[in-house]
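One structure is given here, and the rest of the page talks about it.
Please treat every number below as a calculation from the coordinates, not as lab data. All figures in this text were calculated on a predicted structure; none of them were measured in a lab. Positions of Cβ are backbone-derived with ideal geometry, glycine not excepted, and every protein chain shown enters the neighbour counts.
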Amino acid sequence: MRHPSHPRVIGLVSVFVAALCVAAPSWADGPEQVVVTNFPQVQQVSGKVVVSEPIPQSRFDALKALVSPAGKSEAGDWTEAGALDTRGFTQVTLSLAGSLQGSAQAGTVGVVLVPDVPELLNVLRTHGAAPLALRAEATVTTGLAGFFSSETVSLRIGFPRYRVFLYNTTSRTAEAMVYAYLTEG
């Protein structure tokens, strides 16, 4: 007894064979070249890892500058004392010390670390503001013959590099040293 869908099966097989014959010329060219890459076994590593020098976890920097008179709000007249690279560190302990040239006068000498970012330096130059800056300030008194030193302040670092600026509210030039002790936290 024949099944009613048997002619359909024969028809489908015929269509498949016809399609195979049409595609056969592309197979008739012969076998294609195949490249097989055998990866080596996972390599075993053994031995010791040696660090030849201690990895620095802190660094001490000192910057010296002659600081001309310029008020705290006169950023365009501040003295630039270089840059402080803070990459790899999360905290800076900052202090400032020095002396006035000539007779002692009351006032303040301050250090401002401005992030070395073009947009923030532009704000400093055009508007006289120092956003996101780190600061320390020393009071100059007449009783100490013009010598000054700030309180030591520990500040969190937020940028990989800072430009160092100083101001001096006295009418005398100040010789100032900025001390920065960088640590990992």
Treat the count of other C-beta atoms within 10 Å as a stand-in for reagent exposure and order Ser14, Ser149 from fewest to most. Ser14, Ser149
Cleavage-rule hits (trypsin sites (Lys or Arg not before Pro)) in segment 63-115: DSSP loop, at most 16 neighbouring Cβ within 10 angstrom: Lys72, Arg87
Output for segment 131-185 (equivalent-ellipsoid semi-axes, sqrt of 5λ from the C-alpha gyration tensor, Å, descending) is 25, 13, 9
Are there GluC sites (Glu not before Pro) in segment 96-182 that DSSP puts in a loop and that have at most 16 other Cβ atoms within 10 Å, and which ones? Glu151
Just to be sure I understand: if I project the alpha-carbon convex hull of segment 58-183 onto a plane and average over all orientations, what area do I get in nm²? 6.7
Between Thr86 and residues 5 or more places away or on another chain, which pairs have amide H atoms under 5 Å apart, with H built 1.01 Å from N, and which residues are they? Arg161, Tyr162
